[in-house]
1. Under a crude label model (7 Å from the Cα following the beta-carbon direction), how far is Ala16 from Asn44 in nanometres?
2. Using the Karplus curve 6.51 cos²θ - 1.76 cosθ + 1.60 with θ = phi - 60°, what ³J(HN,Hα) values do you get for each residue of the range 89-105, in whole Hz, with x for Gly and Pro?
3. For the residue pair Gln109 and Asp75, what label-to-label distance in nm results when each label sits 7 Å from Cα along the Cα-to-beta-carbon direction?
4. Among the lysines in the range 15-124, how many pairs, 8 or more places apart or on different chains, have alpha carbons under 22 Å apart?
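Please treat every number below as a calculation from the coordinates, not as lab data. Treat the numbers as computed from the prediction; the structure is a model and nothing was measured. When we count neighbours, we look across all protein chains shown, and the Cβ atoms used for this are built from the backbone with ideal geometry, even at glycine.
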Amino acid sequence: MKMPDASEIRGDVSPAGMLENFAQAAENFSAMQQEHRDALAAGNCTDVFSWRQSREQAFRGLVRMLENVAARGWDNPGGVVRVREIMEKLLAGEDALQKLILARRLKVQEQLLAMRKGKEALQGYNMNKGLVPRPRYLSSRM
């Protein structure tokens with residue numbers, strides 16, 4: 001999912017318009033978080049590293065939008081409260097994603113450990129690497 005950043009959303013340059021642009025970008029970011037949560041719940045973890053990169057890039061875009069609003073000297077207590085609520089929601093979503101990823105990582109590590117134990121057990125039956133002596137072939141010719 002491509003996230004629009006601060007340079008792509010510039011419909012209205014007034015602080016109120018910039019706040020609406022920020023709210024739209026935050027909504028898109030939240031949708032991306034939900035998409036990633038659903039994929040993790042389904043066990044689709046093939047793109048976790050690219051997810052992190054795209055979330056970080058989109059988050060940096062949100063920060064740039066906020067910096068633009070702050071640079072204009074906008075002083076609206078209601079808008080500040082709204083921005084704070086949006087950011088808290090987004091950060092809580094990131095924390096939930098990190099917990100899901102950590103749980104999935106621990107599960108995969110347990111599976112790898114079980115597979116390694118199984119591999120070691122199979123190596124015990126290997127004639128070349130195990131403790132079993134090699135068979136001796138005797139010839140019937142003397």
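1. Simple spin-label model gives 4.1 nm for this pair.
2. Each residue's phi maps through the Karplus curve to give 5, 5, 5, 5, x, 5, 4, 5, 4, 4, 5, 5, 5, 4, 4, 5, 4 Hz.
3. 5.0
4. Lysine pairs satisfying the spacing and distance rule in the range 15-124 number 4.
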